[in-house]
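Below is one structure. I have some questions about it.
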Amino acid sequence: MARHLITSAIPYINGIKHLGNLVGSQLPADLYARYLRARGHEVLFLCATDEHGTPAELAAAKAGKPVADYCAEMHDVQARIADGFALSFDHFGRSSSAQNRALTQAFAGRLADQGLIREVTEEQVYSVTDGRFLPDRYIEGTCPNCGFADARGDQCDNCTKQLDPTDLINPRSTISGATDLEVRTTKHLYLEQSKLKGQLADWIASKADWPVLTTSIAKKWLNDGDGLQDRGITRDLDWGIPVKRGTEDWPGMEGKVFYVWFDAPIEYIACAQEWVDAGKGSDWERWWRTDKGADDVRYTQFMGKDNVPFHTLSFPATIMGADDNWKLVDYIKSFNYLNYDGGQFSTSRGRGVFMDQALDILPADVWRWWLLSHAPESSDAEFTWEAFQQDVNKDLADVLGNFVSRITKFCRSKFGETVPEGGIAGDAEAALTAELDSRLAAYAQHMDAIEVRKAAAELRAIWVAGNEYLQSTAPWTTFKTDPEQAACQVRHGLNLIRLYAILSAPFIPDMARIMAEAMNVTDLDWPEDAAAALTALPAGHAFVVPENLFTKITDDQRADWSERFAGIREG
Ligand SMILES: [Zn+2]
């Protein structure tokens, strides 16, 4: 038994995520956590909401709510949806927690003590009316390039030109509309990541087993252009973690907060403290501190490719720079993007299926199965309603659902709702056992390697093997001439349902539970070998015919959903 720490990239607070976000981090992380638990390992699986920064302030202002209230509400919404998808976090924390505040301040103080923080004086736009410095996105004005009246301080949405706030003609505050803006100097703290470049490069070079997607992005950011740059870790904002040097005030930094990129990943650690403080566990340090036992922990992170630079460079720079026995990640599993029906998911246009909408129309397992079996691992993947309908109808209804329904109903009609006695296993059963032994090994190998699509393909093949066994032995035909032999075939079929309940649970936990409950089994230990698994339910064991696992998606439903989620055209 090993100890596994698993984190999913923490979703930003301002709104409900789409299915592409889900399959890029939380869902495969849950698959892996469920699998490792089923194999008997000790697992701590953490996720949280990322709550600081300008977008949260803007979203709260738009909703007409204080930002702290807005974040608390949206955290609850995201937690509820995560439950809906059966994401088995040990704790779903918040980057705005008291634990993260103290830990972030402690990290900053420690980095300063290590000589890795310097102060930089910058010029920034200040709004006299608002009494605050304005981040780029809080400033709008006329684009000097195309004359568009509502260009943002960082970019013109009309002509896409990258801008500085000082480029804008007639700039105004988006908070108040005030035009009495002026450029003032302000001081910020920078993390001197450049001093850690060699250490980071050696570390990444040592990770030969990481996915190429992960290491290629890390090396690009490390070496391209001007290479790894020092980064500001503070902002002139109200909403965030107040800048302190440990528990002490930081002279010159009054009224400033830490930049969200700095405090968000520290929440991975603080979340373990929240887990303990919520009474769900004890001793978080044995997961996170190498001087307190975390050297024995294997730490795996899951994320979309856009998050790779922060997790391969910025957060490791924080950990390495602190040089204080914090655990570094052991393996980073990154994902490409899932596209939607020939384009991208779009929050602003309502294009694509968002997590709450998905649960409104179909059970979570249907989404889990399709998304995981099409996880964008080696390249971007594409969701289309045609493929979705065809794949889930085939895999979950024609293959798995049909198998379960057919064998349990046949048994009930001929032998009653108990596992029948009699018959002797022969060549067909030996062939089934041999095939399952080889597939069980392959399935475990793919799951251990977090090869999500390959694991899904292997699981599907295991379902198909059961169907082929039933097809070739045809107990409904055997029964007419040799009821004893038919009983043996049915017994194998019923034991396959128990095996499917165990093997399928990481992918489709609800359907797996229905299968396990119908088979009346509590022993769900991972199978050591197929022969034992196929005789686990003895003759005389009672079961019930389960409810239908999955009702097929109709053409009408597909057409309706395709239209409903196509998005609203702008303009
Ligand atoms: Zn423009």
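The values are calculated or read from the model by the stated rules, or taken from the named source; none is laboratory data. On a predicted model such as this, the values are computed, not experimentally measured, just so you know. Methodologically, a virtual Cβ is constructed for each residue, glycine included, from the backbone with ideal geometry; neighbour enumeration extends over all protein chains shown.
Please state which of the following conditions Ala178 fails to meet, knowing it meets all the rest: (1) in contact (Cβ under 8 Å) with a residue 24 or more places away in the chain; (2) assigned to a loop (DSSP other than H, G, I, E, B); (3) more than 29 Å from Cys146 (Cα to Cα).
Status for Ala178: all satisfied but (3).
While we're looking at this one, here's another question. Pairs only if they're at least six apart or on different chains, beta carbon under 7 angstrom, first in region 378-405 and under 25 Å from Ile497 (Cβ atoms), second small (Gly, Ala, Ser) and surrounded by 15 or more Cβ atoms within 10 Å (Cβ to Cβ); list them, first residue then second.
Filtered contacts from region 378-405: Phe403/Gly466.
Right, next: For Arg118, all conditions in the list (1) farther than 23 Å from Glu57 by Cα; (2) modelled with pLDDT of 90 or more; (3) outside any strand (DSSP E or B) hold save one; what is the number of the exception?
(3) is the only condition that Arg118 fails.
Right, another one. Out of (1) buried (at least 17 other Cβ atoms within 10 Å of the Cβ); (2) of a type in the set (A, V, I, L, M); (3) part of a helix (DSSP H, G or I), the odd one out for Val77 is which?
(1)
So, one more: Among the residues in region 521-528, are any surrounded by 23 or more Cβ atoms within 10 Å (Cβ to Cβ) and in contact (Cβ under 8 Å) with a residue 60 or more places away in the chain?
Just the residues of region 521-528 that are surrounded by 23 or more Cβ atoms within 10 Å (Cβ to Cβ), to begin with: none.
Looking through region 521-528, none of the residues is surrounded by 23 or more Cβ atoms within 10 Å (Cβ to Cβ) and in contact (Cβ under 8 Å) with a residue 60 or more places away in the chain.
Can you say whether Ala539 is in contact with a helix residue (DSSP H, G or I) (Cβ under 8 Å, 6 or more places away or on another chain) and part of a helix (DSSP H, G or I), as far as the supplied structure shows? Show your work before the answer.
On the way: in contact with a helix residue (DSSP H, G or I) (Cβ under 8 Å, 6 or more places away or on another chain): yes; part of a helix (DSSP H, G or I): no.
Against the criterion (in contact with a helix residue (DSSP H, G or I) (Cβ under 8 Å, 6 or more places away or on another chain) and part of a helix (DSSP H, G or I)), Ala539 does not qualify.
On to the next question. Suppose the filter is over 30 Å from Ile319 (Cβ atoms), surrounded by fewer than 19 Cβ atoms within 10 Å (Cβ to Cβ) and more than 16 Å from the ligand (Cβ to nearest atom); does Thr185 pass it? Don't jump to the end; show me each part of the working.
Values: over 30 Å from Ile319 (Cβ atoms): yes; surrounded by fewer than 19 Cβ atoms within 10 Å (Cβ to Cβ): yes; more than 16 Å from the ligand (Cβ to nearest atom): yes.
The answer is yes for Thr185.
In region 281-375, which strands (runs of 3 or more DSSP E) lie fully inside it and hold 1 or more residues that are farther than 14 Å from Val23 by Cβ? Can you show your working first?
Values: elements: 297-304, 331-335, 338-340.
Strands (runs of 3 or more DSSP E) meeting the threshold: 297-304, 331-335.
Still on this structure, I have one more. Which one is nearest to the ligand (Cβ to nearest atom), of the residues in region 136-172 that are under 14 Å from Val183 (Cβ atoms) and in a loop (DSSP other than H, G, I, E, B)?
Ranking the candidates gives Leu168 first.
Let me ask something else. Of all the residues that make up region 144-162, how many are buried (at least 16 other Cβ atoms within 10 Å of the Cβ), in contact with a helix residue (DSSP H, G or I) (Cβ under 8 Å, 6 or more places away or on another chain) and more than 23 Å from Gly255 (Cα to Cα)?
Matching residues across region 144-162 total 1.
Determine if region 514-526 includes at least one residue that is closer than 15 Å to Gly401 by Cα and part of a loop (DSSP other than H, G, I, E, B).
Within region 514-526, one or more residues are closer than 15 Å to Gly401 by Cα and part of a loop (DSSP other than H, G, I, E, B).
Follow-up. For Ala178, indicate whether it is under 20 Å from Lys62 (Cβ atoms), modelled with pLDDT of 85 or more, within 9 Å of the ligand (Cβ to nearest atom) and in contact with a strand residue (DSSP E or B) (Cβ under 7 Å, 6 or more places away or on another chain).
no
Let's see how each residue does on (1) surrounded by 14 or more Cβ atoms within 10 Å (Cβ to Cβ); (2) free of Cβ contacts under 8 Å to residues at least 40 places away in the same chain:
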residue	(1), (2)
Lys197	yes, yes
Asp202	no, yes
Lys219	yes, yes
Asp230	yes, no
Asp236	yes, no
Gly246	yes, no
Val260	yes, no
